[in-house]
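Presented below is the structure to which this report refers.
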Amino acid sequence: MPSIKIRAGLWLLLLTGLILVGCAPKQRAVDGSFAFGDGYGDLIGPARSAMTPEERFAYDYRSAAVARMQDEGVPFSNVHLVERAKTAIGTPYVRGGTSMSGFDCSGFVQWAYKNVGVSLPRTAREQSVLGTPIDSDEMEAGDIVAFRHPRRGYHTGIYIGDGKFIHSPRRGKSVEITSLSNPYFSSTFLGARRVSLSESDAEAARKLMALYESRSSRLHRTASDAALSQNKSKQAVSKSQKKSKQTLSSSRASSKHKAVSSKKRTTLASKKAAAKTSVASSKKYSAKKQVAQKRSSQKKKASVAQKKSASKAKAK
């Protein structure tokens, strides 16, 4: 797997080199074992099969990017510097910061250069006068670009080519890539400075390979973490849905039970009411019957008394 990842990164570099073909070459010294003539056939160096992995990486990279290298003269140490600086994109601005937990502008430049073996002064003002001054049309990837605002003071970043630079802007922002044509930076631009890098091409190539491998591993871990997170999310949703269904089912069962219980209570109450009504009606009927019987008895007694009274009257 590591070799496949390295090859993938190499092919990306090869394609980038072919796209960035230049025109008028300008000479710049590079390591003798990776020097170039006017074309692929004039490449000077040991047989490829006898090279170390780092040497083959440098050889193949420069073979594919020979025109760009001859035009811009960008060595591997500068490529390594820029690639390392790009790994900090997104790191928040922190006043006085010099690590991946947070950078200020000069802290970021110092950190990036430290990764390629160069110690820089800590402040932007000191960095703005370091090394050799470079004309704007002579800038190359890895040069320090300096700015000065009347009130905000000095600011530094690292040129990455294509009229752009990478820097840690200000509070509330994070490390980002910005165009030199930006009105604020074009109006405060002081100039570019070039600092000699101590890394050999083979050493820079080795570190670039490690950097690409590290990126590939991070991407793989990120993809794995994303897949795991998505799987956990699906499981959580499924569990939530299952719980919701169970809750709904329980709620329905509870409602049904309550309805049945209510119906039973209503029926029982109706029966009790009916029984009470029946008893009351029976008692009322019995009382009426007793009153009627009493009245009938009284009438019979009154009739008998009248008859007796009439009989006595006749006898006299």
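Just so it is clear, none of the values below were taken in a lab; they were calculated from the coordinates. Everything quoted here is computed from the prediction, not taken from an experiment. Positions of Cβ are backbone-derived with ideal geometry, glycine not excepted, and every protein chain shown enters the neighbour counts.
Peptides 186-199, 282-295 ranked from most to least packed give 186-199, 282-295, packing being the mean of other C-beta atoms within 10 angstrom over each peptide's residues. Working from label points 7 Å from Cα in the Cα-to-Cβ sense, the S136 to S101 distance is 4.0 nm.
Expected output is a single nm value to one decimal: the length gained when fully extending between K314 and S255, i.e. 0.36 nm times separation in residues minus the C-alpha distance. What is it? Mind showing how you got there, number by number?
Details: separation 59, 0.36 × 59 = 21.24 nm, distance 8.78 nm.
Between K314 and S255, full extension yields an extra 12.5 nm.
Sorting 144-155, 234-245 by average packing, meaning the other beta carbons within 10 Å per residue, from highest down gives 144-155, 234-245. Separation of the alpha carbons by more than 21 angstrom is noted, of K86/K114; K256/K276; K243/K264; K86/K173, for K256/K276; K243/K264. Applying 1/(1 + (r/R0)^6) with r as the Cβ-Cβ distance of K299 and T277 and R0 = 45 angstrom yields a FRET efficiency of 0.85. Counting Lys and Arg as +1 and Asp and Glu as -1 over every other residue whose Cβ lies under 11 Å from the Cβ of S128, the net charge comes to +2.
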